[in-house]
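Colleague: This structure is in structure tokens; I'll ask about it shortly.
Derivation of every value follows stated rules applied to the coordinates shown; laboratory data play no part. Note that the structure is a prediction, hence the values are computed from the model and not measured. Note that each Cβ is placed from the backbone with ideal geometry, even for glycine, and that neighbours are counted across all protein chains shown.
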Amino acid sequence: KSVIFHWRDLNAKDLPPGDRSPSQLWTLYNLEAPPHTQRLPEDNDLLSFNLTANYRRDSHINIPYGRIVPKRRRKTAEVSSVDVANKSKQIAWFVSNCHTTSHREDYVKQLARYIQVDVYGKCGHLNCLPPNSYECYRKIAREYRFYLSFENSICRDYVTEKLFNILDYNLIPIVFGGANYSDFMPPHSYIDATEMKPVDLAALLQKLSNDPAEYLKYFEWKANFGTDKQSTHYNEVLFCKLCEEMEKQQLKSVQSSASSLTAKAINNWYFENACNVRKLQFF
């Protein structure tokens, strides 16, 4: 048996009543980055967990926002579906959180000095309805060459739907976050903005815009890889992976570590040295 606690909704004063069964796993579930997560209260001795379940790759149960998987039938790379000729605009960005701990908005402000950036949503002057819909992604994929997949927090392994939502469309994602993106994406499938200054990024994008052959190379990965849609159904993934964990019948070994998974231990693991792990090139 297992009890799942959603970290953001956890009330340490409202734990399950009665004695805790030795065969019961307590799982702490969370998909929010540390800047948007409250620390667990460390003054309650009853608040300890057997398992962690979140986007971190070093959690007991890894719940990714998305996943790239090899296709069953590999084939020669085809980029004929990418209509470069009709892509007359440079960069699109859907965004509603205008002031973030990652300061991505500052980077974009600098970037827009050198190349066209069209901002959709609450933080810009453009709209596409319904927001973040299939129709909107198709529209920008027809018109734009690049898309900003910028995270609101620069934290270890924090790669969200901001990247995975657009991978089925013919856009080159420009990523900005604290993850090592090579752990999540195939080579030459994205451009990492955290590794270059805005002026240098703009120069690279201009170069690709003027060289269709080089631009199209960023879509060759799609011949051999696709996105795992199941990874976007967080609860389903959580339940399936938790069942797998329980079926291993390693309760004794798991519970032997319960004393180390106190609130303090989890806070140290989740918060210490977890964010601002990459040096950003704003200037």
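Colleague: Only helical DSSP H runs with n ≥ 4 go in: add -39500 (n - 2.57) per run for the chain, normalise by residue count and round the 222 nm mean residue ellipticity to 500 deg cm²/dmol.
Modeller: -6500 deg cm²/dmol
Colleague: Taking the Cα centre of the chain as origin, work out the dipole magnitude from +1 charges on Lys and Arg Cβ and -1 charges on Asp and Glu Cβ, in debye rounded to 20.
Modeller: Rounded to the nearest 20 debye, it is 640 debye.
Colleague: Relative to the compact-globule scaling 2.2 N^0.38 Å, provide the ratio for the alpha-carbon radius of gyration of region 4-87.
Modeller: In units of the 2.2 N^0.38 Å rule of thumb, it is 1.78.
Colleague: Mind giving me the nanometre distance, one decimal, between the label points for A213 and D183, set 7 Å out from Cα along Cα→Cβ?
Modeller: 3.7 nm
Colleague: According to the Cα gyration tensor, what semi-axes, each the square root of 5 times an eigenvalue, does the equivalent ellipsoid of region 59-165 have, listed from largest to smallest in whole Å?
Modeller: Ellipsoid half-lengths, sorted descending, are 24, 23, 13 Å.
Colleague: Sticking with this structure for a sec: Looking at the chain, send over the antiparallel percent of its DSSP beta bridges, to the nearest 5.
Modeller: Antiparallel bridges: around 15 percent, rounded to the nearest 5.
Colleague: At a threshold of 8 angstrom on Cα-Cα distance, excluding pairs fewer than six apart, so keeping six or more, what relative contact order does the chain reach in percent?
Modeller: RCO, the chain: 25 percent.
Colleague: Would you kindly state how much longer the chain becomes between N11 and L46 on full extension, computed as 0.36 nm times their sequence separation minus their alpha carbon distance, in nm to one decimal?
Modeller: So the extension gain works out to 11.4 nm.
Colleague: Further question on the same structure: Under 14 Å from the Cβ of R57, count the other residues' Cβ atoms, weight Lys and Arg +1, Asp and Glu -1, and hand me the total.
Modeller: For residues surrounding R57, the net value is +1.
Colleague: Also, quick follow-up: Return the subset of K1/K264; K71/K197; K13/K264; K89/K197; K162/K264 for which the Cα-Cα distance in this structure is over 27 Å, preserving the input order.
Modeller: K71/K197; K162/K264
Colleague: Which of the peptides 107-119, 156-168 is most tightly packed, and how do the rest follow, judged by the mean count of other Cβ atoms within 10 Å per residue?
Modeller: 156-168, 107-119
Colleague: Then there is this: Return the FRET efficiency for the residue pair K139, R39: r is the Cβ-Cβ distance, R0 is 41 Å, and the value is rounded to the nearest 0.05.
Modeller: The formula returns an efficiency of 0.50 here.
Colleague: Here's something else I'd like to know. Compute log10 of I(q)/I(0) for region 171-237 with the Debye formula, placing one identical point scatterer on every Cα and leaving out solvent, at q = 0.12, 0.13, 0.14, 0.29 Å⁻¹, to two decimals.
Modeller: -0.40, -0.46, -0.53, -1.32
Colleague: Then there's this: Hey, any idea what Rg/Rh is for the chain, computing Rh the Kirkwood way over Cα pairs?
Modeller: 1.02
Colleague: What number comes out for the charge environment of W93, summing +1 per Lys or Arg and -1 per Asp or Glu over other residues with Cβ under 11 Å away?
Modeller: Counting the neighbours of W93, the net charge comes to 0.
Colleague: If you rank R142, R72, R56, R104 by fewest surrounding Cβ atoms within 10 Å, what's the result?
Modeller: In order of increasing Cβ crowding within 10 Å: R72, R142, R56, R104.
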